[in-house]
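One structure is given below, encoded as structure tokens.
Where a number appears in this text, it was derived from the coordinates with a stated rule and is not lab data. Just so it is clear, the model here is predicted, and its values are computed rather than measured. Every residue, glycine among them, receives a Cβ derived from its backbone with ideal geometry; neighbour counts consider all protein chains shown.
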Amino acid sequence: MLTFIEHEDYYKHKMPQILESPRRLKIIKKAIKETGLLDSPNVKMASPEAVKEKDLYAIHTEQLVDTVKHGSMVGVTAITGDTITNEFTFLAGLRAVGGAKLAAEIAIKQPNSVAYALARPPGHHATRSNAMGFCFFNNGAFAANYLTKVQKIKRIAIIDIDNHYGNGMADLFYDRSDVLTLSLHADPKFSFPFQGRTTEIGEREGEGFNVCVPLPMEIGDTEYLTAFDRVIIPVVREYKPEVIFVSTGYDGLLGDPYGYLGQSVLGFQVIMERISNLAKEVCEGKIVMTLEGGYKFNELGQAFLASVSPLIPDYEFSKEAESNLSSSGSKGQLKNTLDELKNILKPYWRID
Ligand SMILES: [Zn+2]
């Protein structure tokens, strides 16, 4: 069963001149409607509560919560150049965190349960004390923390497939081993947030539990999947999480105005096939998805449909996705990165 989580508050937060906008959700909603996904007995919708302001202190500083709250009271306030409140941002933020929390509650309830919080603002760049990169509060991190602390889940793996490094997730769980954070992202030398190098592996209790796979620019699907198969799958398999989170960004699409990975629409189908199979193998198919980036408006709806198709038994996006993937041929640079990563992670994980 796939549950989409949505709420009208998610459309109210807007930032001037920035493509992280309500239009993204409108495109996704239209794709769901036009495809008739909700007619499937395997798909449903759910509506979340907002979390309370004080709940956020579980992962964020009071100062950050106050900054976003007061920014919203004033109206338009730039917390950073690209993270700007309007009068609804605080409300939408509390509801977006609530959406991820509900997704987590649904996913852990029974086997083969997947819940996707179609919430904005997105969250994966928000650290304990800083809003940045269109993200105010870290929706997915809140939900993962909630599962470990309240629902007593012992191991969660968060796989970040957004074009950009999930630095907020890494920041919040950097010294913890109960939440394994893994991110594939465009080379941090050139791409926001300019972190996520192979050597950023976590510290203290969390040493070895932050896995960064920086990828060459315009890498394409085939090489992306090589990195996925060689690093993400074996590490998650060995870790044996009780649930898998996916920070789901579509900004790796070729031509995305904020992304650089050169992926195709079909690439997202194959990535989610991999993740779905992995989840079935290690955690009874339990998956929590949160919406992160994705700004190429003319392909966002298709990439979204491709990504959810492996999760809906009676919906097929493409029969021949694997044989129609993009490839950059940038194998040399990728091989060097993966060999380097294998050495760095050797004390912690078995990677061939
Ligand atoms: Zn992104």
**Item:** Leading residue at positive end of dipole, the chain (Cβ point charges), from VAL213, TYR250, MET132
**Value:** MET132
**Request:** Find the relative contact order for segment 2-345 and round it to a whole percent, using C-alpha pairs within less than 8 Å whose residues are 6+ positions apart.
**Result:** 18 percent
**Request:** Find the centroid of the Cα atoms in segment 150-178 and in segment 319-346, then give the distance between the two in whole Å.
**Result:** 23 Å
**Asked** Once fully extended, how much extra length lies between GLN110 and SER47, figured as 0.36 nm per residue of separation less the alpha-carbon to alpha-carbon distance?
**Response** 20.8 nm
**Message:** For a quick check, take a GNM of the chain with Cα springs below 10 Å and name the residue from GLY36, GLY252, GLY99 with the largest mean-square fluctuation.
**Reply:** GLY36
**Prompt:** Treating the beta-carbon of each Lys and Arg as +1 and of each Asp and Glu as -1, no other charges, what is the dipole magnitude of segment 124-196 about its Cα centre, to the nearest 20 debye?
**Reply:** 320 debye
**Asked** 222 nm [θ] for the chain, helices only, -39500 (n - 2.57) per DSSP H run of 4+, per residue, to 500?
**Response** -11500 deg cm²/dmol
**Prompt:** Taking a 21 Å limit on the Cα-Cα distance, which of the listed pairs LYS54/LYS101; LYS109/LYS280; LYS54/LYS149; LYS26/LYS54; LYS149/LYS240 fall beyond it?
**Reply:** LYS26/LYS54
**Complete:** Listed by chain and number, the residues whose amide H is under 5 Å from that of TYR116, excluding neighbours fewer than 5 places away on the same chain and using placed H, are THR3, PHE4, ILE5, MET289
**Request:** Please work out the Cα center distance from segment 234-253 to segment 56-93, rounded to the nearest Å.
**Result:** 28 Å
**Item:** Listed residues LEU19, ALA31, ILE84: farthest to the positive end of the dipole of segment 8-143 (Cβ charges)
**Value:** ALA31
**Asked** What residue among VAL51, VAL236, VAL211 shows peak mean-square fluctuation when the chain is described by a Gaussian network model with Cα springs under 10 Å?
**Response** VAL51
**Cα centre as origin, Lys/Arg/Asp/Glu Cβ charges: segment 1-148 dipole, Debye** = 280 debye
**Prompt:** Which of ASN324, ASN139, ASN86 moves most in a GNM of the chain, Cα contacts under 10 Å?
**Reply:** ASN324
**Message:** Just want the ordering: ARG204, ARG230, from fewest to most Cβ atoms lying within 10 Å of their own Cβ.
**Reply:** ARG204, ARG230
**Complete:** Ranked from fewest to most other Cβ atoms within 10 Å of their own Cβ, LYS335, LYS101 fall in the order LYS335, LYS101
**Message:** Using the crude model of +1 on Lys and Arg Cβ and -1 on Asp and Glu Cβ, and no other charge, please compute the dipole size for the chain relative to its Cα centre, in debye to 20.
**Reply:** 500 debye
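Let me make sure I get this right: for segment 2-345, a, b and c are the square roots of the gyration tensor eigenvalues over alpha carbons, sorted descending. Under 1.5 in a/c it's rounded, otherwise prolate if a/b > b/c, else oblate. Which is it?
rounded
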**Request:** Give me the lysines in straight-line cross-link reach of LYS30: C-alpha distance below 24 Å, same-chain residues under 8 apart excluded.
**Result:** LYS12, LYS14, LYS44, LYS296, LYS319
**Request:** Using the number of other C-beta atoms within 10 angstrom as an exposure proxy, rank LYS54, LYS286 with the fewest first.
**Result:** LYS54, LYS286
